[in-house]
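In what follows, a single structure is set out as structure tokens and then discussed.
Since every read-out is calculated from the coordinates, none of them should be taken as a lab result. Everything numeric in this text was worked out from a predicted model, so none of it was measured. So basically every Cβ, Gly included, is an ideal-geometry build from the backbone, and we count neighbours across all protein chains shown.
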Amino acid sequence: MVKELKKNQELKRIKVYINGFDEQLQGGVPEGYVTLICGTAGTMKTSIAFNVLYNEALDGKTGLYVSLEQSAKSLLEHAEKMGYDLSKINLVVMSDIAKLKATIQDIKSAKGGSLVISDLGAIRKQIKETKIGPSGDWLNVIKNIIKKLKAEAKCDLFVLDSLSALYVLSSFDDPRTKLFYIFEFLRDAELTTFLISEMPLDKSRYSEYEVEDYLADGIILLQHTERFRKVIREISIVKMRSTDCNTDVFTLEYKNKKFYALQGGKPPLV
Ligand SMILES: Nc1ncnc2c1ncn2[C@@H]1O[C@H](COP(=O)(O)OP(=O)(O)OP(=O)(O)O)[C@@H](O)[C@H]1O
Ligand SMILES: [Mg+2]
């Protein structure tokens, strides 16, 4: 029997937790969708993704943040500087995949949600090699972590920081096919996913192979824009499936521990 299609209004949405921006997305990103967060260096890609997982953990959800380059220590130092109260959430740092069992236990014993940071960067340093195992396939390592968390504890959201780092660590001989299966895996796992994509400086493309743009359900673009020698941060939605979204460019500000999307210095009119 053909599954009845859900009406747009019935789609559950996950907030991006940016004041003035969720409203432009009918309330947020549809649950279970895969969204690219694209931007050049320092455009706050990591912060935006971390912000979602932190706030969702406060709301009882469990998110997995896989950081392939930035260490968990550096990530958490940045979060503390930004003013996040990490004591408010169940924060689990998994710096070694051998500690997966302990991580699962930690998630299960938490009353609410958890934020799990899988610091593969630390393992990389430890083994002093760029590739893991004979096949060098870090992708399978990540998939196994997700499968285990889903089967033995829970996992509602997933962030991969970054796709670009994954391409260096895994063999991507046939990127089109491989990426198709990655996106399928994430959708089958019913994870609301944010894939961070490091854009080239000339902003000529959103992702490395460009096929990611078409496979993704949504694209959020972060930019630095120079105006009269002043550089401002900007955020916009390039696409979001099943969403009546506003594709205008908003100024992105971080004030009083909150992100704001502004238009002409003011909250945008909905
Ligand atoms: N309150 C704050 N505390 C610390 N950093 C802040 C704050 N507000 C803005 N920032 C800026 O956040 C930027 C880093 O953010 P983030 O690491 O999320 O960016 P990114 O796009 O992930 O960077 P990268 O390309 O290095 O991965 C820094 O350039 C820093 O200036
Ligand atoms: Mg980053």
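Kindly put V16, V93 in sequence by how many other C-beta atoms sit within 10 Å of each C-beta, fewest to most.
By the 10 Å Cβ count, ascending, the order reads V93, V16.
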Please report the net charge: other residues with Cβ closer than 11 Å to the Cβ of G83, K and R +1, D and E -1. +2
Surpassing 20 Å at the alpha-carbon level, of the pairs K61/K154; K15/K258; K12/K257; K15/K150, are K12/K257; K15/K150
Compute, for the chain, the length of the dipole vector about the Cα centre, with Cβ point charges of +1 (Lys, Arg) and -1 (Asp, Glu) only. Units Debye, rounded to 20. 580 debye
How many percent of DSSP beta bridges within the range 18-262 run antiparallel, rounded to 5? 35 percent
Approximate spin-label separation K88-C245, in nm, with each point projected 7 Å along Cα-to-Cβ: 2.6 nm
Only helices at least 15 Å long along their own axis, judged from Cα atoms, and with Kyte-Doolittle mean hydropathy of -1.0 or greater: name those in the chain from DSSP H. 45-58, 138-152, 175-188
Kirkwood hydrodynamic radius (C-alpha pairs) into Stokes-Einstein, the chain, 37 °C and 0.692 mPa s, D in µm²/s: 172 µm²/s
Distance between Cα centroids, the range 25-89 to the range 199-270: provide it in whole Å. 16 Å
Tell me, what is the FRET efficiency for K147 and R229 to the nearest 0.05, using R0 = 45 angstrom and their Cβ-Cβ distance as r? 0.35
Show that you can apply the helix-only estimate: for the chain, add -39,500 (n - 2.57) for every DSSP H stretch of four or more residues, divide by all residues, and state [θ] at 222 nm to the nearest 500. -9000 deg cm²/dmol
Relative contact order for the chain using alpha-carbon pairs under 8 Å, separation at least 6, rounded to a whole percent? 27 percent
